[in-house]
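Here is the structure we will look at.
The values are calculated or read from the model by the stated rules, or taken from the named source; none is laboratory data. Here the structure is a predicted model, which is why all the values come from computation and not from measurement. Reconstructed Cβ throughout: ideal geometry from the backbone, glycine too, with neighbour counts over all protein chains shown.
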Amino acid sequence: MSIFDTIGRLMKKPAPGLLALEKAEVDAQAALDAAKAKLADLEAGRVEAVLGGDDARTAHRASLQTARDDLEDAQAALLAIQSRLAQEREAAAEAARIAAYDAAIAKRDEVAALIREKYPQLAGGLVDLICASAEADLAIGAANANLPAGAERLEAVELVARARPGTPRKLISEKKVRLWCHRGTKIPCAQSNITDQGNGRGIDKSGGRFDGHTFIERRWERERYVELAEKLSALDLPGLIGGEPNYWTAAPWNTADTILKNIKEHEALRRAYRAAPPEPPEIEVEHELVIEPPAQAAE
């Protein structure tokens, strides 16, 4: 059985397989190389055949033609195998892409379900921690403002919970100050906008948002220290789906009372959302996708 018969039988199979085609490519290349070598030998013996008489010349011419035909047949067989091999490789690559695509869909759907199930619980739990931390800090602040005789100041709850064991807070400086605050709160305002009216009261005459408002002067203890870890309130906890209000919006420098106030505001927004969910916003996104195969892109 010739190499051409073997290749022909292989090419008629609907799914010959990559390994069989790759072996056939090697065999066809070897047949082509042998045909080239044989033709070269015959070309080298032309002069001897011509001078050997008519019968020798005629036989040599027939051998040359056969060698040329064998060379063309080997070239055709090799091209056919390479074409089929390219198709089979592309089919295998496409099958791999489909498998990867299907696996990505399955993984996406699995994790999406996990996010839908777990994220509201986790985000709500973190908000509860932020709220509990702020409530503890309010109690700590009240205790520090009226310490028992000889008692040490209490550290903030997150400093106790999250600092490395045995690592004290590094205090840079502390001093007593008096700050103008919004009436009925402990929230300082822009101090330079307030005109002192006496008796611990001041008025905003800046012409801005709080123009004409009355402010109260409160005593504060100003500390400068090195924070050992970013506070939990520095986290952003977005809503689960588009348009849903945040569970919490990052507020790393808020005081305990403003944190509690913000939590109530977030809860109110989320209650209103659950009562009448609006249409989700349309967010326009532009992506640039590489469409070249990796090998071409590398060139």
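Checking Leu159 against (1) of a type outside the set (Asp, Glu); (2) touching a Lys or Arg at 6+ places or on another chain (Cβ under 7 Å); (3) modelled with pLDDT of 90 or more, which test does it fail?
(3)
Among the residues of segment 1-31 satisfying the criterion of being surrounded by 12 or more Cβ atoms within 10 Å (Cβ to Cβ) and in a loop (DSSP other than H, G, I, E, B), which is farthest from the chain's Cα centre (by Cα)?
Pro16
Take the residues in segment 219-242 that are charged (D, E, K, R) and at pLDDT 75 or above, then tell me which one is farthest from Leu159 (Cα to Cα).
Among them, the one singled out is Asp236.
Output yes when any residue across segment 275-289 is at pLDDT 85 or above, within 30 Å of Ala134 (Cα to Cα), assigned to a helix (DSSP H, G or I) and more than 25 Å from the chain's Cα centre (by Cα), and no when none is.
yes
Would you confirm, using the coordinates I've provided, whether Glu88 is at negative phi, under 60 Å from the mean Cα position of the chain (by Cα) and modelled with pLDDT under 90?
Spelling it out, Glu88 is indeed at negative phi, under 60 Å from the mean Cα position of the chain (by Cα) and modelled with pLDDT under 90.
I need every pair where a residue in segment 229-241 that is surrounded by fewer than 12 Cβ atoms within 10 Å (Cβ to Cβ) has its Cβ under 8 Å from the Cβ of a residue that is polar (S, T, N, Q), sequence separation at least 6 or different chains.
Going by the 8 Å Cβ cut-off, the qualifying pairs are Asp236/Asn246; Asp236/Thr249.
Between Gln75, Gln65, which is surrounded by 15 or more Cβ atoms within 10 Å (Cβ to Cβ), of a type in the set (S, T, N, Q), in a helix (DSSP H, G or I) and over 49 Å from the mean Cα position of the chain (by Cα)?
Every option except Gln75 fails the conditions.
Filter segment 9-59 down to residues that are within 13 Å of Ala74 (Cβ to Cβ) and not hydrophobic (A, V, I, L, M, F, W, C), then give me how many there are.
Count: 6.
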